[in-house]
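*Asks:* The structure's right below; bear with me while I get my questions together.
Where a number appears in this text, it was derived from the coordinates with a stated rule and is not lab data. Here the structure is a predicted model, which means the values were calculated and not measured.
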Amino acid sequence: MLLPHFPGSALPTPDAEFLRSWWRDGDAGPWAHRPSFAVSDVPHVRAALGPERARLAYPWAALAEAGARLLAGTDYPIEVLEPLAGLARLVSGRSDRDGFRTPDIAPPHSRLAPGDAFRVMSDERAGHTVLSADPRAVPAGEIDRIEVLGTSPVPF
């Protein structure tokens, strides 16, 4: 079962034990999310959900800890297509990459460790991208400095 996309993806996190039992019992499929929403929606989440529920929006860390199978995408053209900007936002809560810098920062509970973020944003079946550095091995603040050197297969 793929959970539906809700407007803004600002989903308040259910109780942690409920999440653990949901994934343990096999009732849930992958949880799809867009890491950039936690950044671009910052000015709107508090007004839309109220302060208490806003604290729980974009619960990627709690979902990962509960054993959820997370998938990440870009939701282009509504959000940025640049995967490295999305990766930086998922790890650091923001991207300082040229053209993607915003004054807003995603809340800490919407961030993942670099290895987890890389895993949910990549799939070997989609091909390979050659990068100037391994995003799992550089400090989080340096993900934005990584450059794409090539792809295989070459797109289009």
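*Asks:* Scan around H33 for amide H atoms under 5 Å from its own, H built in the peptide plane at 1.01 Å from N, and keep only partners 5 or more places away or cross-chain.
*Replies:* Excluding prolines and chain starts, which carry no amide H, the hits are L71, A72, G73.
*Asks:* Whose amide H sits under 5 Å from the amide H of A106, counting only residues 5 or more places off or on another chain, with H placed in the peptide plane?
*Replies:* Here the answer is R94, since their amide H atoms fall under 5 Å of that of A106.
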